[in-house]
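To start, the structure itself, in structure tokens.
The values are calculated or read from the model by the stated rules, or taken from the named source; none is laboratory data. Everything numeric here is computed off the predicted structure, so don't read it as measured data. Ideal geometry is used to build each Cβ from the backbone, glycine not excepted, and the neighbour counts take in all protein chains shown.
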Amino acid sequence: MVLVSTMFLAACATQSPPPTAFPTSTLLPPSSTVEPTATILPTNTPIPPTATAEPQPLLLRGSCGRDYVVRADEPLRMYYGGWAVKGKDTAKEWATALTIDLTMDGEPLAGKQQAPAPDLPYNCPKDYEDSYWLYYIVDLAGLPAGEHRGEVTFRALRALPDGYGDTYGPGTIAKQRFNITAQ
């Protein structure tokens with residue numbers, strides 16, 4: 001017969017030595033096999049994040065600030081663009097003629113345009129009457145520790161009235177630069 005010990009380990013904030021006594025043992029017939037249910041890691045090994053963990057959000061918007069801090073080497077969801085226009089119909093028109101590009105440390109990142117929305121996710125307090133927002137999202141595996149430079153460029157493919165009395169374009173209508181510290 002084979003003697004199998006079962007031990008449950010709990011992750012704790014403090015590191016204490018493993019217990020010296022073992023829980024109860026179970027005798028199994030020789031034909032039985034036991035599949036491992038956990039991998040025991042040394043106490044100084046970081047526990048990897050779970051696949052279901054939400055990435056840390058970061059809204060790059062000039063009127064909300066230029067300097068940001070994120071956790072290094074952790075998934076990151078960047079919201080960028082944040083251009084407000086008045087009314088849903090105006091926003092639909094802009095969505096077909098506004099491109100918003102993001103570069104990080106000089107390298108372009110391919111984000112995905114979102115449907116115009118009455119609110120920005122993680123919006124800083126500044127909002128406008130009957131505003132609809134145009135923005136993009138890009139997911140990153142993470143940024144290495146250190147200083148990073150981001151740049152957002154807005155381009156209108158044709159002249160676009162914003163519904164508040166101003167018209168923008170064609171061409172580059174704004175550039176914003178950001179400093180992101182990953183630590």
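Can you name every residue in the stretch 156-181 that is of a type in the set (D, E, K, R) and over 30 Å from the mean Cα position of the chain (by Cα)? Write out each step before concluding.
Here is the first cut: in the stretch 156-181, the residues of a type in the set (D, E, K, R) are 158, 162, 166, 175, 177.
Passing the criteria: Arg158, Asp166.
Considering only the stretch 130-157, state which residues are aliphatic (A, V, I, L, M) and under 19 Å from Gln114 (Cα atoms). First the steps, then the outcome.
Residues of the stretch 130-157 aliphatic (A, V, I, L, M): 134, 137-138, 140-141, 143, 145, 152, 156-157.
Selection gives Leu134, Ile137, Val138, Leu140, Val152, Ala156, Leu157.
For Arg155, are the conditions met, namely being of a type in the set (Lys, Arg), surrounded by 13 or more Cβ atoms within 10 Å (Cβ to Cβ) and modelled with pLDDT of 95 or more? Answer is yes for this residue. When you scan the stretch 125-150, how many residues do you find that are surrounded by 12 or more Cβ atoms within 10 Å (Cβ to Cβ), closer than 21 Å to Leu102 by Cα and over 17 Å from the mean Cα position of the chain (by Cα)? Going through the stretch 125-150 one residue at a time, the tally reaches 3.
In the stretch 134-153, what count of residues is obtained for those that are of a type outside the set (Ser, Thr, Tyr), within 30 Å of Asp73 (Cβ to Cβ) and in a strand (DSSP E or B)? Break it down into steps so the answer makes sense when it comes.
At the first step, the residues of the stretch 134-153 found to be of a type outside the set (Ser, Thr, Tyr) are 134, 137-152.
Still in the list and also within 30 Å of Asp73 (Cβ to Cβ): 137-152.
From what is left, the residues that are in a strand (DSSP E or B) are 137-140, 146-152.
Residues that pass the stated criteria total 11.
Go through the stretch 58-103 residue by residue and tally those that are assigned to a helix (DSSP H, G or I) and either exposed (fewer than 15 other Cβ atoms within 10 Å of the Cβ) or under 21 Å from the mean Cα position of the chain (by Cα) (or both). Write out each step before concluding.
So in the stretch 58-103, the residues assigned to a helix (DSSP H, G or I) come out as 62-64, 88-95.
Okay, now just the ones that are also either exposed (fewer than 15 other Cβ atoms within 10 Å of the Cβ) or under 21 Å from the mean Cα position of the chain (by Cα) (or both), so 62-64, 88-89, 92.
Looking only at that region, the number is 6.
Checking each residue of the stretch 119-131 against the condition of being in a strand (DSSP E or B) and either among the hydrophobic types (A, V, I, L, M, F, W, C) or closer than 21 Å to Val69 by Cβ (or both) gives no match. For the stretch 120-137, the set of residues classified as modelled with pLDDT under 85 and on the phi < 0 side of the Ramachandran plot consists of Leu120, Pro121, Asn123, Cys124, Pro125, Lys126, Asp127, Tyr128, Glu129, listed by residue number. Applying a threshold of 8 Å to beta carbon distances and a minimum spacing of six or more residues, or different chains, the list of pairs starting in the stretch 64-80 at a residue that is over 16 Å from Pro121 (Cβ atoms) and ending at one that is assigned to a strand (DSSP E or B) and among the aromatic types (Phe, Trp, Tyr) reads Arg66/Phe178; Asp67/Phe178.
The test for being in contact with a strand residue (DSSP E or B) (Cβ under 7 Å, 6 or more places away or on another chain), over 30 Å from Asp162 (Cβ atoms) and either surrounded by 13 or more Cβ atoms within 10 Å (Cβ to Cβ) or at pLDDT below 90 (or both) does not hold for Ser32. Per the listing Gly150, Gly111, the residue uniquely closer than 16 Å to Pro57 by Cα and without any contact (Cβ under 8 Å) to a residue 40 or more places away in the chain is Gly111.
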